[in-house]
Amino acid sequence: MCGIVGYIGNKDSSSVLVDGLRKLEYRGYDSAGVAIFENGTIKTVKSKGRLDDMEQKMEQVGRPHGHCGIGHTRWATHGEPSDINSHPHGTEKLSIVHNGIIENYLQLKEFLTANGYTFVSQTDTETVAKLLDYYYNGDPLETIQAALKEIKGSYALGILFKDFPDRLYAVRKDSPLIVGLGQGENFIASDIPAILKYTRNYYLLEENEIACLQKDKVEIVSQDGKPVQKQVLTATWDIEAAEKGGYDHFMLKEIHEQPKAVRDTVSPRVEDGLPDLKVESLTDEVLGSFEKIHIVACGTAMHAGMVGKYVLEKLARIPVDVDIASEFRYRNPILGKNDLVVIISQSGETADTLAALRLAKKHGIHTLAIVNVVGSSIAREADSVIYTWAGPEIAVASTKAYSVQMAVMYLLAFKLALVKGEITENEARFYTQKLMEIPTQLENVLCHADDCKQFAEQIKSSDDLFYIGRGLDYSLSLEGSLKLKEISYIHSEAYAAGELKHGTISLITEDVPVIALATQGALYEKMIGNIKEVKARGAKVLLVCQEGAELADQLADYLLEIPAVEDILAPMLAVVPLQMIAYYASLLRGCDVDKPRNLAKSVTVE
Ligand code: M6R
């Protein structure tokens, strides 16, 4: 969480920094700030609240003008959102912005206090600023090297030293940071969209590499000071993809991008009508040797993993565990040498998910990452990678990333099932063909926005809501419920429909709407029973089912039909109305759709 940017070049840095921060605001929006060299001094402006608040403050106190500066947008961890806790933090000699968590900040604080330093904020970052100050000997590189030896935790740092107004320093460990390479100007940023307006070329900083940026050169050294030759990478995302493109919100745009995202992810992985993962390290022999799969992820990515479990077990007949990464990493999981650990992450930087990957690697287990951000930490560290091609996902609520994660789960299941001889080549062709038809069907589902809006009107004043479903629909209901909660703040619960009567049905009243997912033919009759149970308690029910489902129009108060599809693929279509209901409910309740309270897009802290 938190986004950092830095600029050195001939442009006025304040506008470049604010511009970059706007692209990174999805990483946190509790406060924002910049520090800019102006006539030999470092001028800092920072403020609690959104970037707009900081810009307003800039207008009040005077916009700093200069050609080198750093900026920050914060997701608060240590210390409440406030002006004083906002970044940059600094001393007479330097100024820093930080993304990450300094785990030993209390010990460092004690040490620095004993050495005469005082602290004004509650942040862990202030200890880094003061530690750098403590070690400062006139040589920025030596100073950073000395401080790094003392710091434990995760960090991406942008650093200005007052004595060196023509240099910008950066270093990272366990938090992302890129160095953007322009013509006569260079940048640092937590993520690619922040630099896209100016350049597509960048370096990825490895753990504890220290970068020194001047306007026309960038030098990178390892922690022990040895020069490092870096490969220039080129971003393929275009600026358009990182902008709203005429939609009111990124979330709505990203919901509409799902047909393309799924097409881009699936098509390159189909050869002669059969699934082909195109991962060199995953030969048929290797795939066939796996005896158990552990899927590990957080939030929406974990929900995609739940769908994956269902299809992998059903088709490939291989046992699958799905774990929340923050649980997996601390529960000493039982991992067999022939197991496969599948790590799912949109950002590729989620701290718990990254830690889970490292744990699996420590056990010598093959790790496969399914990741959207190319070159992210998880992508780089996993043994095998399958990229999802969703393009940048900016809205905090994940939508298109979920769809492409599911799409890869299907491809993996078809391939494994084929390799293990659990399905025939003809069956594999059939399923693959049906998956390839999903993008066109998604376009059709997207036309039903008005129905979703109407239903959102019905629930906009509800305090509580239930999602119920069985099998794949239960997995999907978890995602529907998360989406509604995170952006509309309506409390909701996802329940396995058959489990409701074991206690939770006591919460169903006429004020508690129920969204019943019933897309699975084999479980449809059971779902009819469950719908009747909640209706008998007064609940108003929205039924989501496939076109042509029996008695659908008589069963529920509201009906949303998805096109008829193979049952196993139904979540790919049924998720869209759930995303739209959440979107419109959030909008109707006046919430900030793209930036819900207390959240951040990329959770790079534990
Ligand atoms: O970047 P990741 O896929 O690793 O992120 C995992 C979760 O933080 C993320 O899916 C989160 O649950 C979404 N905001 C939900 O919409």
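For A355, the conditions (1) under 20 Å from E280 (Cβ atoms); (2) in a helix (DSSP H, G or I) all hold with the exception of (1). Scanning segment 122-149 for residues that are open to solvent by 10 Å² or more (accessible area, probe 1.4 Å) and among the hydroxyl-bearing types (S, T, Y) yields Y134, Y135, Y136. Cβ-Cβ distances below 7 Å connect the following pairs, each with a first residue in segment 344-365 that is more than 15 Å from N332 (Cβ to Cβ) and open to solvent by 20 Å² or more (accessible area, probe 1.4 Å), a second residue that is in a helix (DSSP H, G or I) and near the ligand (Cβ under 7 Å from one of its atoms), and a separation of six or more residues or different chains: Q346/A301; Q346/A401.
Answer with yes or no whether D339 is within 14 Å of the ligand (Cβ to nearest atom), in contact with an Asp or Glu (Cβ under 9 Å, 6 or more places away or on another chain) and not assigned by TED's automatic domain parsing to the domain that holds L484. Against the criterion (within 14 Å of the ligand (Cβ to nearest atom), in contact with an Asp or Glu (Cβ under 9 Å, 6 or more places away or on another chain) and not assigned by TED's automatic domain parsing to the domain that holds L484), D339 does not qualify.
Condition check for M306 on (1) assigned to a loop (DSSP other than H, G, I, E, B); (2) of a type in the set (A, V, I, L, M, F, W, C); (3) within 16 Å of the ligand (Cβ to nearest atom): one failure, at (1). Listed by position, the helices (runs of 4 or more DSSP H) enclosed by segment 85-173 that each have at least 1 residues that are under 14 Å from I210 (Cβ atoms) are 125-135, 140-150. Of all residues in segment 475-493, those that are part of a helix (DSSP H, G or I) have Cβ atoms under 7 Å from Cβ atoms of residues that are of a type in the set (A, V, I, L, M, F, W, C) and open to solvent by 40 Å² or more (accessible area, probe 1.4 Å), 6 or more apart or on another chain, in S475/M306; L478/M306; E486/L599.
Restricting attention to segment 456-474, the residues that are open to solvent by less than 10 Å² (accessible area, probe 1.4 Å) and in a helix (DSSP H, G or I) total 4. Just checking, does segment 178-185 include any residue being β-branched (V, I, T) and either touching a Ser or Thr at 6+ places or on another chain (Cβ under 6 Å) or open to solvent by 40 Å² or more (accessible area, probe 1.4 Å) (or both)? Scanning segment 178-185 turns up no residue that is β-branched (V, I, T) and either touching a Ser or Thr at 6+ places or on another chain (Cβ under 6 Å) or open to solvent by 40 Å² or more (accessible area, probe 1.4 Å) (or both). Within segment 215-261, if we keep just the residues that are assigned to a loop (DSSP other than H, G, I, E, B) and polar (S, T, N, Q), the residue that is modelled with the lowest pLDDT turns out to be T236. Among (1) more than 10 Å from the ligand (Cβ to nearest atom); (2) within 17 Å of the chain's Cα centre (by Cα); (3) of a type in the set (S, T, Y); (4) farther than 21 Å from N99 by Cβ, which single condition is S377 missing? Only one criterion in (1) more than 10 Å from the ligand (Cβ to nearest atom); (2) within 17 Å of the chain's Cα centre (by Cα); (3) of a type in the set (S, T, Y); (4) farther than 21 Å from N99 by Cβ is unmet by S377, namely (4).
For segment 401-410, state whether one or more residues are buried (at least 21 other Cβ atoms within 10 Å of the Cβ), away from the ligand (no atom under 15 Å from the Cβ) and part of a helix (DSSP H, G or I). Spell out the reasoning first.
Looking only at segment 401-410, we keep the residues that are buried (at least 21 other Cβ atoms within 10 Å of the Cβ), and these are 401-410.
Retained after the next criterion (residues that are away from the ligand (no atom under 15 Å from the Cβ)): 410.
Next cut, part of a helix (DSSP H, G or I) only: 410.
Yes: segment 401-410 contains one or more residues that are buried (at least 21 other Cβ atoms within 10 Å of the Cβ), away from the ligand (no atom under 15 Å from the Cβ) and part of a helix (DSSP H, G or I).
Look at segment 584-598: where a residue is in contact (Cβ under 8 Å) with a residue 12 or more places away in the chain and a partner is among the acidic types (D, E), sitting 6+ places away or on another chain with Cβ atoms under 7 Å, you get L588/E457; K595/E25; P596/E486.
The values are calculated or read from the model by the stated rules, or taken from the named source; none is laboratory data. Keep in mind it's a predicted model, so treat the numbers as computed, not measured. Cβ atoms come from the backbone with ideal geometry, glycine included; neighbour counts cover every protein chain shown. Accessible surface is based on the protein model in full, side chains and every heavy atom, while ligands, DNA and RNA are left aside. Shrake-Rupley method; radii C 1.70, N 1.55, O 1.52, S 1.80 Å.
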